[in-house]
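Quick note: the coordinates plus some simple rules give every number you see, no bench work behind them. Predicted model, so just to flag it, every value in this text is computed and none were measured. With ideal geometry, Cβ positions are generated from the backbone for all residues, glycine too; neighbour counts draw on all protein chains shown.
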Amino acid sequence: MEFYYDKLSNLNNDDLMTEIQNLHNKMAKMNPTSPMTLQLQDMIRSAQTEYNERMIVEKLKDKPSEEIINIGEIEEIVYQPDYTEEQVNLALVQHFSGDKISKRKKEIAERNAKIKESEERERKLRPKKLDSKAKDIINKVDKS
């Protein structure tokens, strides 16, 4: 069984253009509401992509490689931490023991942060206290 992509890649440029034209002709004759239109559109897209790639390769084939522009250099810096034997052992013990105390402290800290965030949002939503000028204006409006 040959896939459509394989068929396209085996065609020469003239045959590929003929294939694209045939697909467009079939599309024009087809009922636009037919589910086959999507498949035909994908086939056209695949054929056009294949043709475009060939044209790009052909265009770049003639360009000398000296036209490639060097846009810079990258310097790689590798940071290798130097852990003491005690730190490594402590990390291993915590990892394999489950370190329930650290997990619990982390959960408490996360919960406290959420509570603090919730309180902050609530505080922002509270109405602001009125200053004396605003109270005077309200009192004047109420009396009218």
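The simple Förster model, with R0 at 41 Å and r as the Cβ-Cβ distance, assigns residue 87 and residue 14 a FRET efficiency of 0.05. The value obtained for the chain, namely the Cα convex hull volume divided by the number of residues, is 596 Å³ per residue. The long axis of helix 36-62 is offset from the longest Cα principal axis of the chain by roughly 80 degrees. Which FRET efficiency, nearest 0.05, do residue 129 and residue 108 yield, Cβ-Cβ r, R0 30 Å? It comes to 0.35.
Built from the Cα atoms of region 98-143, the convex hull projects on average onto 4.3 nm², one quarter of its surface area.
In a simple Cβ point-charge model (Lys, Arg +1; Asp, Glu -1; nothing else charged), the chain has a dipole of about 2120 debye relative to its Cα centre. When the inverse distances between all different Cα atoms of region 1-49 are averaged and flipped, the Kirkwood radius reads 11.3 angstrom. Packing, as the average of other Cβ atoms within 10 Å across residues, places the peptides 104-110, 77-83, 125-131 in the order 104-110, 125-131, 77-83, highest first. Roughly how tilted is helix 13-29, in degrees to the nearest 10 and between 0 and 90, from the longest Cα axis of the chain? In the chain, helix 13-29 runs at an angle near 70 degrees to the longest axis.
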